[in-house]
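See structure below.
Here, each number is a calculation from the coordinates, and none is a lab measurement. Note that the coordinates shown come from a computational prediction; the quantities given were computed from them, not determined experimentally. Cβ coordinates were reconstructed from backbone atoms using ideal geometry, including for glycine residues, and neighbour counts include every protein chain displayed.
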Amino acid sequence: MKKRLLFGKTYAVSGVIEALLLIALVAIIISTIQLIYIPDIMEDKEEDHMSEIEKQISYLKSNIDIQTMTKEKVLLSSAITLGNKQLPYFVTMGSTGQVQVNNKSDVGSCRIKTSPAFDSSDLPDFSDDFIIKYDGIPLTSIEYNAYNNYIDNYKYVFEGGAIVAKKPDEEMMVQPSIVVENTTDTKITLYYSLPFFTDFAGRKIESSGFGNPDLTVYIHTNYSLYNSPPRTGISSLQIHTNYIEAWNNSLIGNNGLLLSQYNNDDISITIHDTQEPAYIEISPNNKDIDLVLTVSKIGVQIGPGVVK
Amino acid sequence: MKAIVLVKDKTAVAGVIEFILLIAMFAIILALIQVFYIPEIMAQDESENMEEISNQFSRLKTMIDIQSKKESEIPLSTRIPFGNKQLPYFVTVPSSGYLSIVDRDITDSYIEINDQYYVDLTDIKYKADNAYFTHQDYIYEGGGVIIKQPEGNPVMWQNPSFNASPMRDQHLDVNNIVMYFDIPVLVCKDHDNFGGGYSSCYITTNYSDELSDSNWNYLPNFSNITIKSDYSIAWFKFINKTFEKDVKQNISFYRGSDFLEIREKGGIPINFYYRKKCIFTRID
């Protein structure tokens, strides 16, 4: 049988083979980029975005700290970039995010309690807010949730004057505005500046969607008023929180705020995790505790408008 | 001698050779990117990181200024990034940074006024360990921010609260000079005074009236002030640049490698006011 020839002549065959090899090479390169390099780039991009968020939340904390310190009714704005864009030309998914204010009704049983308890006369400007209706001072917060596609979902929560960074396997905290003073040989004084957030209906939550993943919103904050009742000889200060590990590390972890007093047995710090939410209790041991708690009301609004 | 023929059928050999050459060219391009382009990108990254650190030191100074002014004990935190990341897939070296607080217990710098009144000169130092961009140190000292590079002299980038004004009589002649100096003194509790690595940290500061002067200390017979600092050249340039001509005509400078002395020339009296502000500082 005679062999059938596809090409009558073999001239220019090398060009065809070369073109096929080149196309195969380009296809391999693009597939490699798409399968290996692009996920790495997107992971990097999402990590960079989380760093940016950490920076922005730290600015928010600075702004609120300045407002509580100066007690000036000046509006300050802090930007939050909610998500992250897709890469052009390649198949990628942009990440999204959500920022919200958790007011006194949203935080459930998360609160600051003292014994003896504060009453309306201690915090007269907050009597409508929590003294009568709630047991303790609600631990209001500003919360950012990242919905990432290439790295773990992160959460940043600004509560009790501290920033909690929550990842699936760990909780970290930028320390709250607590100053400890060894007043005498038998007494320490805790100065605690606690921001209390109030929100505005319709302006308390903002999310980015797939249409505008990198939406940047502004959190406007304004100082309103404060009460600072001193308490001598408290028998306990309790912080009821969903982030007990972060608070514990912040107080008695490495470089903890109360680590030296705890190690010297001046005070006791106990975690009670049998109830939900768990709480951490600071109580006197060899030394008495005086507490100067300054509660500042901060109006928070996400997006444009007048903040009162 | 007869040549050995490896490929008997020479059909399409040119295409294969061209393909191999293309791969070689691709490898050469990658090598060129690694050798020339990647260092440029990394230097740019490190330069941006330095810019971020300079912004944060500026913010730190603002925070301490506000705390001193308001005399508020509420702590404020300032984030300091340490370094930047490597690039994926290419051979790169990450940069890192080290932060230290030289507080009043460990400093050997000081300010001495009239050879009699002594105030510790304390620092917050950031040392960048860059791999591609020039090494830079940022130093918060005496209320100012100084930048230091291996080449050249340190520069006072953010001025401290040290100023002098000539006071004039009705004929507009200078009849006395007033100088004001707000001096922050950093104090560390429990020696939380060092941090470093590749990520970030927070410097938390709060004012304390424990060691602070609530009022100005007034020295009507000012004769001299000595600033003992490793950055005396930065202090000299700052004073020389910011003090008015009428002030500079009535003072003389003596500068060594680690000190700067300002002495009155005699003639026009100088009224000197200074105030210590105690700032508790820690690295979280």
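Using the Stokes-Einstein relation with a Kirkwood hydrodynamic radius computed over Cα pairs, the translational diffusion coefficient of the range A:53-191 at 37 °C and a viscosity of 0.692 mPa s comes to 184 µm²/s. For the segment A:60-72, counting C-beta atoms of other chains within 10 Å of every residue's C-beta and taking the mean gives 4. For chain A, the equivalent ellipsoid derived from the alpha-carbon gyration tensor has semi-axes of 56, 23, 15 Å in decreasing order. The overall shape of the range B:1-159, judged from the alpha-carbon gyration tensor, is prolate: a/c is not under 1.5, and a/b is greater than b/c.
Coupling constants for the range A:156-171 follow from the phi torsions by the Karplus curve (6.51 cos²θ - 1.76 cosθ + 1.60, θ = phi - 60°), and in residue order they are 10, 10, 9, 9, x, x, 10, 9, 9, 9, 10, 10, x, 10, 7, 10 Hz; glycine and proline get x. Sorting the segments B:241-248, B:201-208, B:115-122 by their residues' average number of neighbouring beta-carbon atoms within 10 angstrom, most packed first, yields B:201-208, B:115-122, B:241-248.
For the pair A:Asn212 and A:Lys55, a Förster radius of 30 Å applied to the C-beta separation gives a FRET efficiency near 0.90, rounded to the nearest 0.05.
Of the peptides A:215-222, B:86-93, A:157-164, the order by per-residue mean of other Cβ atoms within 10 Å, starting with the highest, comes out as A:157-164, A:215-222, B:86-93. Compute the FRET efficiency between B:Glu71 and A:Ser120 as 1/(1 + (r/R0)^6), taking r as their Cβ-Cβ distance and R0 = 35 Å, and round to the nearest 0.05. Computed FRET efficiency for B:Glu71 and A:Ser120: 0.70.
Mean Kyte-Doolittle hydropathy of 1.6 or higher plus an axial Cα length of 20 Å or more: which whole DSSP H helices in chain A meet both? Result, helices passing both filters: A:13-32.
GNM remark for chain A: springs join alpha carbons under 10 Å apart, and the peak mean-square fluctuation among A:Tyr89, A:Tyr37, A:Tyr144 falls on A:Tyr89.
Counting Cβ atoms of other protein chains within 10 Å of each Cβ in B:65-76 and taking the mean gives 5.
Comparing Cα centroids, the range A:75-116 and the range A:281-295 end up 32 angstrom apart.
Note on the protein assembly as shown: Rg/Rh from C-alpha atoms, Kirkwood Rh, equals 1.12. All Cα-Cα separations within the range B:13-86 were binned at 5 Å from zero, giving a P(r) of 3, 13, 12, 11, 9, 8, 8, 7, 6, 5, 5, 4, 3, 2, 2, 1, 0, each value a whole percent of the pairs.
Count charges around B:Asp137 for me, please; just the other residues with Cβ under 13 Å from its Cβ, Lys/Arg as +1, Asp/Glu as -1. Cβ neighbours under 13 Å give a net charge of -2. Here the calculated FRET efficiency for A:Ala201 and A:Tyr147, from their Cβ-Cβ distance with R0 = 35 Å, stands at 0.90, rounded to the nearest 0.05.
Over the range B:117-272, the alpha carbon radius of gyration divided by the compact-protein estimate 2.2 N^0.38 Å works out to 1.21. Set the bar at 31 Å for Cα to Cα. Now go through A:Lys187/A:Lys297; A:Lys73/A:Lys104; A:Lys45/A:Lys73 and name every pair that lies beyond it. Listed pairs above 31 Å: A:Lys45/A:Lys73.
The sum of -39500 (n - 2.57) across all DSSP H runs of n ≥ 4, divided by the residue count of the protein assembly as shown, sets its helix-only mean residue ellipticity at 222 nm to -7500 deg cm²/dmol. Remark: mean inter-chain Cβ contacts per residue of B:78-87 equal 2, using a 10 Å Cβ-Cβ cutoff to other protein chain atoms. Computed over the range B:204-284, the P(r) curve from all C-alpha pair distances, binned at 5 Å from the origin, holds 3, 13, 17, 17, 19, 16, 9, 4, 1, 0, 0 percent per bin. Hydrodynamic estimate: the Kirkwood radius of chain B over Cα pairs, inserted into Stokes-Einstein at 25 °C and 0.890 mPa s, corresponds to D of 110 µm²/s.
Averaged over residues, the count of other Cβ atoms within 10 Å places the peptides B:96-103, B:49-56 in the sequence B:96-103, B:49-56, highest first.
Helix B:13-32 and the longest principal axis of the Cα set of chain B meet at an angle near 10°. For the range A:204-256, the fraction of alpha-carbon pairs lying more than 15 Å apart is 75 percent, rounded to a whole number.
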